[in-house]
Structure formats: C-alpha cells, structure tokens
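Inspection log for the structure reproduced underneath, given as structure tokens.
The values are calculated or read from the model by the stated rules, or taken from the named source; none is laboratory data. These figures come from a predicted structure and were not determined experimentally. Reconstructed Cβ throughout: ideal geometry from the backbone, glycine too, with neighbour counts over all protein chains shown.
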Amino acid sequence: MEPAQASNRRQKLRILFVDDESSILEIIPQLLVGMKNAWEMEFAHGSAEGLEQIEKSNFDIVFADLNMPGMGGIDFLKALQTRCPLALRVIFSSYADKQSILDCAGLVHQFLPKPFDRESLISTIERAKMIASIPPDSSIRQRISELEGIPSVPKLYQELVNHLRSSNNSVDDIGNIVSQDIGMTLQILKLVNSAYFGLPEPTSNVTRAIAHLGVETVKYLALAVGVFSQFESKKLGGISLDVLWHHSTRTAATSKSIASMETRDRRIIEDAAAAGLLHDVGKLVLASNYPDRYETVGRLSYLKQIEWIIEERNVFGFDHAEVGRYLMALWGLPAPIVDAVGFHHYPTKSEQSNFTALTAVHAANHLVQTRRQTRGGVAPPQIDHLYLAKTCNPNSLERWREELSRPPPA
C-alpha cells in the first residue's frame, strides 16, 4: 500500500505560487480549498524564497507576480526557465501592466489577470495538467522543451486577448488594434477576399473583414500569422512557408465550412477555423530545429509513398501533431483546439464521440490535400471512416466534398 501511495503522491501536480503580497498568498489557499488532495501547492513570499523553492524541488507550474520588488516576476521566470525548464510559467498581472505583459510574451506561457477568481485560477491549473501529459513520454517532452525554435506567443495576439478579457469590445475596437499591424492587416484582407473565406464582393475595409471572419477567428489568425512570421528567416528543411500557410488557411476555411454544415454552435465553428489555421505549426518547429533531418523526412516520404507524419515518427520518434498539441496547451488555448491540433491525423486518440472541431479539421485536412493537383508524390493523409461514423454520419465525407465543390453563390 505504501509504495502505491508514494506513486500517487509523485503523480500529483506540483504548483508554486510566488508573490510579495502576503494577502494574495493567503487568498489562494482559500480559493483552492478542497483541492489539496488533487495538487501539491507551495507558497513563496517574494522572489528570493521562490528561488530557494525551485532549487530544492521541481514544479509543474509556477505562478509569479509581475511587479515584485528586487527581482521582479520576469527575471524570476528567466531563472526558472534555466533551472526548471519543463514548468509552465504563469505571470500574475493587472490590466495596467499591458506593455510589460507584451514585452515578456516570449518568456511567459500564460497570463492570469489580477484580480483573479477561483474559476480562472483552476482553469489555468487544469491546462497545466494537460501539458504534463503531452506527450506522454517524458523524454519526448524534455526534447520539445529544450528546442530553441519553439515560437513565442505573438504580441498582437496577446494584446487582442487582453482587450477581449478587459472590456466591452466592438468590431471597431478590434479593427483599430489590428490596423496598427500592417502585416496582420494585409493577411486579414487577403484571407477574407479569397475564394475560401470570401465575401460576396472584395473589401479593403478591415472592420468589415473582421465582422465577416468573426472576432475569435481574427484573434487566432493573429496567433497564426505571428507564429509563421517567426520562421521567415530560418532554414526550414524543405518546407515552403508559403505553401504551408496556403494549406493552413484553406484547411481553416474548409474546417469552418464543415462545422457550419453540422452545427449552429458558434464555439465549435470558431474552434474549427482556429485549429485549421494552427494544425501544422508543429511542422515549422521540427523543420527549423532539425532542417537536415526534416528534409530527410520529405525525401523518404516521397520515395516510400507514405504519409509525411509516418516518416516523422520513424525519424524523430514523435510527430508534428504532438509538437503542435504541446504548444497549444502551453499557450493556454481551449481544449477543443488543443485536441484538434494534436489528433488531426489520428482522431480516435481523443475521447470525443460527438462532432467537434477535431472532426472538422480531420476531414478538412484530408479534403484539402486530396484536392491538390500535386503533393510532390507524398501520400495524402488518410481519413478515419470509423471515427466519422461515430461522430457524425458514415456518408458525411462525400456530402461535405460535394457541398465544398459547388461554386460560391453570385
């Protein structure tokens, strides 16, 4: 009995809270009352005590206040990054700290605004549990965490998230934020005027484009554009950034269309579009960190006439979907998007039995790839017909293919 109990203790999520305000450290246990059996929680008054704690033990998630005296939260998390690289790094911050938040976007995985409530605190911790299981092999997780080319959370995305959290926002407000970024403005207009997301007639009005795409889609478009831009100057092992972006936007549009055919749930439709945009981000991470080996993946996929993802697993021991799922969870994206990115090739690995964003992205990825005139000789992703039969209808794929092949109304 004792060894089993010890094993259970080791499996508990270990959390460290670091703040110079005693009142905050006293409030947190009250907010999390009843969770002591689920998590192991430690508390440190200020950065110095926090450093002592991470010297003595590893943690799965560390919360730190942004504005502590002496060593502030950012410097503290830099030290944490070196000493405890696998820990999820979360900053407590007020909305008044917006510029400071944006300045440390590459270092911090997630932000928790002050004042915070029980629901948001527990939600952040639960996402950390998801990260701890992605991928399940700890050696793989270690390798991913040590990669130099893991993209940071783009500043524009974080600014949109902060704005959506903190105010009664309007499309005009979002348009004003987006318009400050020329690259993002061009991508939105290009996307909304394309045949995939297109309006009845072209527009050069950013606000109208945002209203058509939806604020949530624009938020995740900012994330995708920001991530892709971080790889523009890097060698990508045979991967074309333009081709991958084109595929991602087509998959997003197709995912959104499929979801719109199956449900009126706006959340599912938006998640499908977001996951479609982000589903292949893991390819960029692998290709930038291992350009020569990733070029080998492409060459062998062509020679063997097999799916790209199969050769990724042969060469690396894990694949781009696992890397993408890790990143999505690390950044605190909603669970349906995390699952859709992580399981878009093998959807039965998820626990879902209903139509979700995963269903839409799995089908869209297949349909987009099989509609391409050329794939460089690489086998297209396979469709899981049993999964589709479980989550929607056995004949859904052909119905979607037929609907998507129709020209848009004049």
- prompt: Of all residues in segment 350-403 being at pLDDT below 90 and basic (Lys, Arg), which is farthest from Thr263 (Cα to Cα)?
  reply: Arg375
statement: Within segment 7-58, the residues that are surrounded by 12 or more Cβ atoms within 10 Å (Cβ to Cβ) and of a type in the set (Asp, Glu) are Asp19, Asp20, Glu21, Glu40, Glu42, Glu49
message: Quick test for you: out of Ala64, Ala79, Ala4, pick the one residue that is modelled with pLDDT of 85 or more, farther than 20 Å from Leu121 by Cα and aliphatic (A, V, I, L, M).
response: Ala79
statement: Counted residues in segment 197-214 being in a helix (DSSP H, G or I) and within 21 Å of Val281 (Cβ to Cβ) come to 1
- prompt: Does at least one position in segment 190-212 carry a residue that is surrounded by fewer than 18 Cβ atoms within 10 Å (Cβ to Cβ) and on the phi > 0 side of the Ramachandran plot?
  reply: no
task: Scan segment 143-182 residue by residue and report those that are touching a strand residue (DSSP E or B) at 6+ places or on another chain (Cβ under 8 Å) and either closer than 30 Å to Lys235 by Cβ or at pLDDT 85 or above (or both).
output: Gln158
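Which of the following residues is under 18 Å from Ala379 (Cβ atoms), of a type outside the set (Lys, Arg) and buried (at least 19 other Cβ atoms within 10 Å of the Cβ): Asp271, Asp280?
Exactly one residue qualifies, and that residue is Asp280.
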task: Have a look at Tyr387, Tyr346 and point out the one that is more than 29 Å from Ala222 (Cα to Cα), surrounded by 14 or more Cβ atoms within 10 Å (Cβ to Cβ) and not hydrophobic (A, V, I, L, M, F, W, C).
output: Tyr387
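Looking only at residues in segment 250-268 that are part of a loop (DSSP other than H, G, I, E, B) and free of Cβ contacts under 8 Å to residues at least 40 places away in the same chain, which one is surrounded by the most Cβ atoms within 10 Å (Cβ to Cβ)?
Asp265
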- request: Could you tell me which residue of segment 215-248 is modelled with the highest pLDDT, considering only residues that are of a type in the set (S, T, N, Q) and assigned to a loop (DSSP other than H, G, I, E, B)?
  value: Ser240
statement: Heads up, the helices (runs of 4 or more DSSP H) in segment 302-392 (entirely inside) with at least 2 residues that are of a type in the set (Gly, Ala, Ser) are 320-330, 335-342, 357-371
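Residues in segment 214-223: is at least one of a type in the set (Ser, Thr, Tyr), closer than 23 Å to Val161 by Cβ and either surrounded by 20 or more Cβ atoms within 10 Å (Cβ to Cβ) or touching a residue at least 24 places away in the same chain (Cβ under 8 Å) (or both)?
The answer is yes; a qualifying residue exists.
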